[in-house]
There are 2 protein chains.
Amino acid sequence: MGGDAAPQIVIEGASIARERLPDVRFLIYGDETRIAPLVTKYPFLKNNCEIHHTDKFVSADEKPGQALRRGRESSMGLAIQAVKDGKAIAAVSAGNTGALMAMSKFMLRTMPGIDRPALASLLPTSCGESVMLDLGANVECNEDNLVQFAIMGAAFARTVLGLSTPSVALLNVGVEELKGNETIKIADRMLRDANLPMNYVGFTEGHGLANGEVDVVVTDGFTGNVALKTAEGTARMIAGMMKAALSDSWMSKVGYLFAKPALMGLKNHLDPNNHNGAVFMGLNGLVIKSHGGASASGFASAIGVAADMAANDLAGKINKDLKLFETHDIEEVEVKTI
Amino acid sequence: MGGDAAPQIVIEGASIARERLPDVRFLIYGDETRIAPLVTKYPFLKNNCEIHHTDKFVSADEKPGQALRRGRESSMGLAIQAVKDGKAIAAVSAGNTGALMAMSKFMLRTMPGIDRPALASLLPTSCGESVMLDLGANVECNEDNLVQFAIMGAAFARTVLGLSTPSVALLNVGVEELKGNETIKIADRMLRDANLPMNYVGFTEGHGLANGEVDVVVTDGFTGNVALKTAEGTARMIAGMMKAALSDSWMSKVGYLFAKPALMGLKNHLDPNNHNGAVFMGLNGLVIKSHGGASASGFASAIGVAADMAANDLAGKINKDLKLFETHDIEEVEVKTI
């Protein structure tokens, strides 16, 4: 029931996902009187989903605390409960991010060894896609959080991007070892000293995100959220200005006609719908957040991420790497800030 | 002597600036044997500059501490000294940012009422330009720093953008009052309660940068540096991909030919050279940092920023606003983080 055009987009998205992933089945939580007529429009879906009625929803402007108090019986709460009860392997929602995060954390709890869950997603780069986390779950992070994010991000890249040894970097204001704050310097030392199934390369800067310099970019939720939205905002600004420029004169209109196929490929690569599906990592159960403004195809991408994660045992990978990290004997790290 | 193509770019940039700003005169610090032959190539410049020879330079990879110890006699050190001695109204350098910042701070000291200087610059937005600070001078900031940055940023906007009451916002992960960390929430309350010659609008998100939602975006140096480089990186990625797309087939090449004039206008607006010139704000003297990779025209833009700042009494504006803020009776602000 969440997102800008629910339940239409969600049902249509599920139908698209069903075509892409014939083994997936759906439990759909929400207002049956609105959902059932939609489902009948998609014959493939009809035989592969169960609708569970509830007339309670978490609204877009509901505070996380409010949702926690009164959201257990909501469509969102019931979907998370289905994951907890083992009835579903993942919950996918386009609803209120803060509420989804708070309820997921409260109901599913963090995995052993993970202090805080992180929000991770694929982002388009000039040479493909990279994983970035945390995108906003934690506005303040310590060095342990960052190390755990690195482990979870690498597991994400191995699962969804199919890389055996993904490259991982901490987002910083420079690449030299003495740059940044104390937290990030200690996390850097901890990751350097650990022997994890990743290629830890040190620091990367803001440019590194779009360059695709590394497979996994790790940062705190404040910086990550600002960086993500800055990148999206910049891309949207340029797209908007280009659209205006290309309809500015008859010359540019003609130019656009010829260049359209090439520009569409670019648009496609940058379209957030094709990279939709942010994962709350580090919980005892899979919860995927779709963009509230995602298209049906975008919502299907988010379902695809969930299916990938489940099929490739994301949780198992994270657990294994956490144990590797813990058994590794880390000496006390001391770093001086200049 | 700093930047990727010094002293050529610097001298050519000074000549371009001289054409734009006929009242400006230059003191040029550096290797006379390399500078003098260049200056003679630009007749307008020849009669409006003094070359002061030194064979000491701060190199690009020199640590700030090193530069502080042995840089006083360098071209950079002498240029800052000229500002300190009142011989020059501003120093403009394309050299080592960390060294320039450290030496400027050490030699010029911060203005009364300013705890830490900040690096500020104009950035292109979808509807013009906005001021952003701090872009990397301080990786950790408290609420007083952020308030002082807001005051300095507003003075920048009034000086360079000619706005009487610029809109100012704090960069955050959401616009609601309960978003963000404690520091930013307290700064928000302090700015709301103060009666400053600015239109303080509260929080803005990463999108807000490119949107041009506000005239001044205030943040700590860590987030600001990452956001700036993310925006630049995203713009460069899109430009690169567009270039590739438009030379991909004969169709798109033809399209490009027709659309070229329109696309050039866009390129021009986004070209960092046209927004070059970051200001170290809050010092007893003007120091402007040009991008190390700026073109001659870009270096001239940085000189233009210096001239604007000087002509419009930036320091006087900041001083006045700081006094306004100090006389304003601020009650103890207490904010709870959720």
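None of the figures in this text is laboratory data; all of them are computed from the coordinates on show. Note that this is a predicted model, so its numbers are computed, not measured. We place every Cβ from the backbone using ideal geometry, glycine too, and count neighbours over all the protein chains shown.
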### Query
So who's got an amide H within less than 5 Å of the one on B:Phe203, skipping anything under 5 residues away but keeping other chains? H placed 1.01 Å off N, in plane.
B:Leu170
### Message
Can you tell me what percent of all Cα-Cα pairs in chain A are more than 36 Å apart?
### Response
24
## Note on the structure
With one decimal in nm and the nearest listed first, the spacings from B:Asn142 to its own position in the other copies, using label points 7 Å along Cα-to-Cβ, are 2.2
### Query
For label points placed 7 Å from Cα toward Cβ, what is the shortest-first list of nm distances from A:Trp250 to its copies?
2.5
### Query
Counting DSSP beta bridges with both partners in the protein assembly as shown, what percentage is antiparallel, nearest 5?
40
### Query
Can you give the direction-averaged projected area of the convex hull of the alpha-carbon atoms in the protein assembly as shown, in nm²?
32.2
### Task
Averaging sequence separations of C-alpha pairs under 8 Å and six or more residues apart, then dividing by the length of chain A, give the relative contact order as a whole percent.
24
### Task
Provide a whole-number value for the mean count of partner chain Cβ atoms within 10 Å of the Cβ atoms in peptide B:200-212.
4
### Task
Run the numbers on the stretch B:116-274 and let me know its relative contact order in percent, using alpha-carbon pairs under 8 Å that are six or more apart.
28
#### Entry: Positive dipole terminus of the stretch B:165-236, leading residue within B:Ala227, B:Gly180, B:Asn195 (C-beta point charges)
B:Ala227
### Summary
Sparse-neighbourhood loop hits (GluC sites (Glu not before Pro), the stretch A:130-182; DSSP loop; Cβ within 10 Å at most 14 others) -> A:Glu176, A:Glu177
### Summary
Here the correct list, in nm and shortest first, of distances from A:Asp85 to the same site in the other copies, label points 7 Å along Cα→Cβ, is 8.2
### Task
Indicate the helices, whole DSSP H runs only, in chain B that combine a mean Kyte-Doolittle hydropathy of 0.0 or more with a Cα extent along their long axis of 15 angstrom or more.
B:8-20, B:97-108, B:143-160, B:221-246, B:250-270, B:296-311
## Note on the structure
Per residue of A:213-223, other chain Cβ atoms within 10 Å number on average 3
### Task
Take peptide B:300-312, look around each residue's Cβ out to 10 angstrom, count Cβ atoms belonging to other protein chains, and average those counts.
0
#### Entry: GNM flexibility winner over chain A from A:Ala262, A:Ala307, A:Ala88 (Cα, springs under 10 Å)
A:Ala262
### Task
Output the Kirkwood hydrodynamic radius of the stretch B:193-268, Cα pairs only, in Å rounded to one decimal.
15.5
### Task
Could you go through the stretch A:43-59 in sequence order and give the Karplus-derived ³J(HN,Hα) for each residue, using 6.51 cos²θ - 1.76 cosθ + 1.60 with θ = phi - 60°, rounded to whole Hz, and x for Gly and Pro?
x, 4, 5, 3, 8, 10, 9, 10, 9, 10, 6, 8, 9, 9, 9, 8, 7
#### Entry: Other-chain or far-sequence residues with amide H under 5 Å of B:Ile28's (modelled H)
B:Glu50, B:Ile51, B:His52
### Message
Helix-only estimate, please: 222 nm mean residue ellipticity of chain B, summing -39500 (n - 2.57) across DSSP H runs of length 4 or more and dividing by its residues, to the nearest 500.
### Response
-15500 deg cm²/dmol
### Listed residue pairs exceeding 18 Å between alpha carbons, taken from A:Lys229/B:Lys179; B:Lys243/B:Lys267; B:Lys87/B:Lys323
B:Lys87/B:Lys323
## Note on the structure
Rounded to the nearest 5, the percent of DSSP beta bridges in the stretch B:116-274 running antiparallel is 35
### Query
How much net charge surrounds A:Ile28 when only the other residues with a Cβ under 13 Å from the Cβ of A:Ile28 are counted, with Lys and Arg +1 and Asp and Glu -1?
+1
### Message
Give me the three principal axis extents of the stretch A:59-118 from the C-alpha atoms, as integers in angstrom, largest value leading.
### Response
32, 25, 19
### Message
Can you give me the long-range amide H partners of A:Ala294? Hydrogens built in the peptide plane at 1.01 Å from N, cutoff under 5 Å, separation of 5 or more residues or another chain.
### Response
A:Asp4
## Note on the structure
The relative contact order of the stretch A:2-145, taking Cα pairs under 8 Å that sit 6 or more residues apart, comes to a percentage of 18
### Query
What residue among A:Pro261, A:Pro117, A:Pro197 has the largest mean-square fluctuation in a Gaussian network model of chain A, using Cα springs under 10 Å?
A:Pro261
### Message
From the mean inverse distance of alpha carbon pairs (Kirkwood) and the Cα radius of gyration, derive Rg over Rh for the stretch B:116-274.
### Response
1.07
